[in-house]
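The structure under discussion appears below in the form of C-alpha cells.
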Amino acid sequence: MIDASAQGTSAGNPSIRPSRRWYLGAGCLLAAAAACVTLGVAGFLSLNRQIEDFQRVPAPGHGEITFTQPGGYVIYVETRGQCCSLSGGSGSGPFASWSMQGALVPANGGPPVSVTTWQGPAESYSVAGHQGQTAAYFTITHAGSYVLATKDVTPRTITDLAVGRVIGRATVRSVLLIVAGLAALLGAGLWFGFTAFRRSRARRGPRPPTGAMGSMPGPSPGDAPGASVPVLVEFAGPARQHRGTVLVRAILAIPLFICYHFVRYAAWLVLVTGWFGALFTGRLPAYAAEFLTWYQRWEVRLYAYLLLLTDQYPATGSQHAYYPVSVVTRPGRLNRGAVLFRVILVIPACLVGGLLACGLETIMLFVTWLIVLILGKMPRPLYEAIAAILRYWARINAYWYLLTDVYPAGLFGDRPGLAPGWPEPSQPTLLPADYVAPPGPATASPSPGWEPRSLILSRAAKRLVGITLGIGAVLPVALLALTFAQVTLTTSTSPAPSAAAPATAEPAGLASTAPAPISTAPAPVPGRAGRWLSGLSSLSTDMENAMGPGDVVVTATSLRSAASHLRRCSAELTALGPPTAQLRPVYRLAARACGDFEHGAACFAAAAKGYDAGTVSPEAKKFNRLLDCGDAGFNRGSDLISTAVANGSFTQPPG
C-alpha cells in the first residue's frame with residue numbers, strides 16, 4: 001500500500017525544461033540555413049555558367065548571334081580578366097569610359113534593332129577569363145539570327161562584346177539567400193546554446209529526496225560524469241564463412257550502403273546540433289550521444305561485414321544481440337577548446353586513416369577476398385590486422401562524432417591487460433544490450449566484474465598493418481610519378497612545328513582562351529553579287545597585309561614595297577567590275593578606302609625617297625611626319641574597307 005505522502009513525493013521529479021523539442025526546432029532552423037546557403041551558392045554557380053554561355057563577338061568586328069526567345073537582352077563590353085567576382089549595381093567596372101559605333105540587324109534583312117546605352121549603375125563581372133560590364137540593352141521582338149557589327153571601339157583594351165540576359169537580379173538574389181542562410185545559422189547556434197545552457201542548469205538543480213518513491217531515469221551516455229575513454233571495439237575472432245556469400249559480398253552489401261547513405265545525412269545533422277551543445281556545456285547532449293553511438297555501431301558492423309571479418313548480415317536495428325563485432329562507447333566530459341577546433345585536430349588521424357584505406361582497398365582487400373574465397377576462413381594474423389585497422393577507423397570516427405575526447409591511437413594493438421582508459425573490474429560499467437560476451441555460455445549481459453579486453457596483435461599481424469600503411473603511402477607517390485613521367489614523355493615526343501607555320505602558332509593540344517576569330521568574308525551568295533563581295537573581301541585581306549609583319553624594320557625598301565602594294569587598291573577594285581544596285585553604297589565606301597590607301601602610299605613613297613637621297617634621317621621630324629601620314633591613311637582605309645565588307649554582308653542576304 002502506497003500512502004498519499006509517498007505519492008506526493010514521487011511527483012516531485014519534474015521534467016527538464018526546456019524539453020528536447022527545442023533541439024528539434026533549432027535543427028529545423030539549421031536545415032533552413034543550410035538550404036538557403038546551398039541555393040545561394042547554386043545561384044552563383046548557375047550565374048557563372050550563364051556568363052560563360054554568353055554569345056561573343058570580337059570588337060571591333062562583326063559576328064552572328066542567335067536569339068531563341070524574344071525579350072530584353074544586354075550587351076557587355078569585355079576584356080581579358082581573372083576569375084572570379086560578381087558585382088551587381090556597383091557603379092564600377094573594368095572600363096571607366098568607353099565608346100563605339102555599331103549596329104544590330106537581322107541576318108536575313110530587315111530594319112536594324114534599336115540599341116540603347118545602359119542607364120544606371122554598371123553591373124560588372126569577372127569569371128572564366130572574361131571581365132566585363134554592362135554597355136547597352138535592346139529588345140528582340142522576333143527570335144532568329146542577327147548580325148552585330150562594331151567599329152571605332154575605345155579604349156583598345158575592349159576585346160569582345162558579350163550578349164546575354166541581365167545578371168543583376170540573379171546576383172542580388174544569390175547574395176540575399178546566402179545572407180539569410182548565415183543569419184539563420186547564427187540563430188540556430190544561439191538557439192542550441194540557449195537550450196543546452198538551460199537544460200544543463202536544470203540538471204544541476206535540486207534532486208528529489210532519497211526516500212522518494214518511483215524509479216529514477218538511468219544515466220544516459222551524454223550524461224556520463226567521468227572522463228572520456230576510447231571507443232571499445234571487440235571481435236569474436238575468425239570463423240568459417242560461406243564461400244557463396246564471400247563471392248558476392250560486395251553485391252549483398254549494396255542495400256546496406258543505400259540505407260547508410262541516407263542515414264549518414266541524419267547523423268551529420270545530429271552531429272552539427274550536438275557540436276553546439278558540446279561547445280556550450282562541455283558534454284555531448286544525451287539524444288546526440290545515443291543516436292551517434294547507434295550509428296557508429298551499425299557503421300562498424302557494416303564495414304566488418306564488407307571486410308570479411310564476419311559472415312553474419314548486420315541488422316539495421318539498434319538491438320542485435322550476440323553479433324561477432326561489438327562497439328562500446330562511454331561519452332564523458334569534453335574539452336571545449338578541442339571541440340571548437342575538432343575539424344583541425346582530426347586532420348593528422350584522418351591522413352593516417354586515408355593511407356590505411358588506400359592500402360587496404362587497392363591491394364590487401366583483393367588478396368583477402370581470394371584467401372577467404374579459397375580457404376573459407378581468414379587466417380588469424382590477417383584477421384587481427386584488418387580488425388586493428390577497422391578499430392582505428394572507428395576511433396577516428398568516434399573522435400569526430402564527439403563520443404570521446406581521447407585522440408585515436410592503438411593502430412598496432414594494445415598491451416596485455418585492460419583496455420586503455422576503461423575502469424577497473426570493481427567498478428560496474430553500463431554496456432549496450434547487444435554486447436557480445438566472451439566465448440562460453442551466452443548471457444544476456446556481462447556481469448558487474450566484466451573486464452573490457454585489449455586488442456593484442458601478433459607479430460605477423462603488426463607486419464601486415466605496417467605493409468598496408470606502407471602501400472597506402474607509396475601508391476599515391478607512384479601514381480604522381482607515373483603521371484609526371486607520362487606528361488614529360490608526351491611533351492618530349494610531340495612533333496615539332498612545321499617550318500612553314502608562323503612562329504606565333506600555338507602548340508598542338510593547347511586550347512587558346514581567346515575566342516575563335518570570325519572571318520570577315522561574307523556568307524556565300526549566288527550570282528554576280530556574291531562573286532563581287534568575295535572579290536572585295538580578298539581585296540580587304542590583301543590591303544591588310546600590305547604593311548607586312550608588325551616587327552619589320554623600317555627601311556627605304558620596306559616603305560617602297562608598302563607604297564606599291566597600297567597603290568594597287570583602285571585598280572583591283574575596278575577589276576571587280578560594276579556592282580549591283582544593292583551594292584553601290586558598298587562600292588562607294590570601298591572607293592573611299594582606296595583613296596585613303598593611295599594617300600598613305602604617297603606618304604610612304606616620299607619618306608623612302610628622302611631616306612635614299614640622304615635628306616632625312618630616321619631621327620628627323622620630317623621623316624616621322626611622313627610615317628605618321630602613311631600610317632593614318634592606311635588605318636582610315638582599313639576601317640572603311642572593313643566596314644564596306646560588313647555592310648555588304650548585311651545588305652545581301654545569304655543564299
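The values are calculated or read from the model by the stated rules, or taken from the named source; none is laboratory data. Only a predicted model underlies this, so the values are computations on that prediction, with no experimental measurement involved. So basically every Cβ, Gly included, is an ideal-geometry build from the backbone, and we count neighbours across all protein chains shown.
Values as computed for the structure displayed
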{"quantity": "The listed residue being assigned to a helix (DSSP H, G or I), closer than 27 Å to Glu64 by Cα, modelled with pLDDT under 80 and touching a Leu at 6+ places or on another chain (Cβ under 7 Å), out of Ala546, Ala590, Ala529", "calculated": "Ala529"}
{"quantity": "Within region 555-575, tally of residues that are of a type outside the set (D, E, K, R), within 23 Å of Ala646 (Cβ to Cβ) and surrounded by fewer than 18 Cβ atoms within 10 Å (Cβ to Cβ)", "calculated": "3"}
{"quantity": "Qualifying position, being touching a helix residue (DSSP H, G or I) at 6+ places or on another chain (Cβ under 9 Å) and surrounded by fewer than 18 Cβ atoms within 10 Å (Cβ to Cβ), among Ile389, Ile363", "calculated": "Ile363"}
{"quantity": "Complete set of residues in region 114-128 that are small (Gly, Ala, Ser) and either out of contact with any helix residue (DSSP H, G or I) (no Cβ under 9 Å at 6 or more places or on another chain) or outside any loop (DSSP other than H, G, I, E, B) (or both)", "calculated": "Ser114, Gly120, Ala122, Ser124, Ser126"}
{"quantity": "Meets criteria (in a helix (DSSP H, G or I), out of contact with any His (no Cβ under 6 Å at 6 or more places or on another chain) and small (Gly, Ala, Ser)) for Gly109", "calculated": "no"}
{"quantity": "Pairs, first more than 18 Å from Gly25 (Cβ to Cβ) in region 268-283, second in a helix (DSSP H, G or I) and acidic (Asp, Glu), C-beta under 8 Å, six or more apart", "calculated": "Arg283/Asp223"}
{"quantity": "Counted residues, region 137-176 - those being among the polar types (S, T, N, Q), closer than 26 Å to Pro111 by Cβ and part of a strand (DSSP E or B)", "calculated": "3"}
{"quantity": "Odd one out for Pro331, checked against (1) buried (at least 19 other Cβ atoms within 10 Å of the Cβ); (2) modelled with pLDDT under 85; (3) out of contact with any helix residue (DSSP H, G or I) (no Cβ under 8 Å at 6 or more places or on another chain)", "calculated": "(3)"}
{"quantity": "Which numbered condition Thr195 misses (of (1) among the polar types (S, T, N, Q); (2) surrounded by fewer than 20 Cβ atoms within 10 Å (Cβ to Cβ); (3) at pLDDT below 85)", "calculated": "(2)"}
{"quantity": "Boolean, Gly181 is in contact (Cβ under 8 Å) with a residue 60 or more places away in the chain, touching a helix residue (DSSP H, G or I) at 6+ places or on another chain (Cβ under 9 Å) and among the small types (Gly, Ala, Ser)", "calculated": "yes"}
{"quantity": "Test: residue in region 365-373 that is over 32 Å from the mean Cα position of the chain (by Cα) and either polar (S, T, N, Q) or modelled with pLDDT under 85 (or both)", "calculated": "yes"}
{"quantity": "Residue within region 314-322 that is farther than 20 Å from Gly413 by Cα and either modelled with pLDDT of 85 or more or within 33 Å of the chain's Cα centre (by Cα) (or both) present", "calculated": "no"}
{"quantity": "Residue within region 36-54 that is of a type in the set (D, E, K, R), under 27 Å from Val163 (Cβ atoms) and either in a strand (DSSP E or B) or modelled with pLDDT of 85 or more (or both) present", "calculated": "no"}
{"quantity": "Scan of region 394-403 for residues that are crowded, with 23+ Cβ neighbours inside 10 Å and either at negative phi or out of contact with any Leu (no Cβ under 7 Å at 6 or more places or on another chain) (or both), ordered by number", "calculated": "Ala394, Arg395, Ala398, Tyr399, Tyr401, Leu403"}
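To keep it simple, each residue is scored yes or no on (1) farther than 22 Å from Ile347 by Cα; (2) of a type outside the set (Phe, Trp, Tyr).
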{"residue": "Leu360", "(1), (2)": "no, yes"}
{"residue": "Ile363", "(1), (2)": "yes, yes"}
{"residue": "Gly376", "(1), (2)": "yes, yes"}
{"residue": "Leu382", "(1), (2)": "yes, yes"}
{"residue": "Ala385", "(1), (2)": "yes, yes"}
{"residue": "Trp393", "(1), (2)": "no, no"}
{"residue": "Trp400", "(1), (2)": "no, no"}
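Conditions tested, residue by residue: (1) aliphatic (A, V, I, L, M); (2) surrounded by fewer than 19 Cβ atoms within 10 Å (Cβ to Cβ).
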| residue | (1), (2) |
| --- | --- |
| Leu252 | yes, yes |
| Ile258 | yes, yes |
| Trp268 | no, yes |
| Arg283 | no, no |
| Tyr295 | no, no |
| Val325 | yes, no |
| Asn335 | no, yes |
| Val343 | yes, yes |
| Val346 | yes, yes |
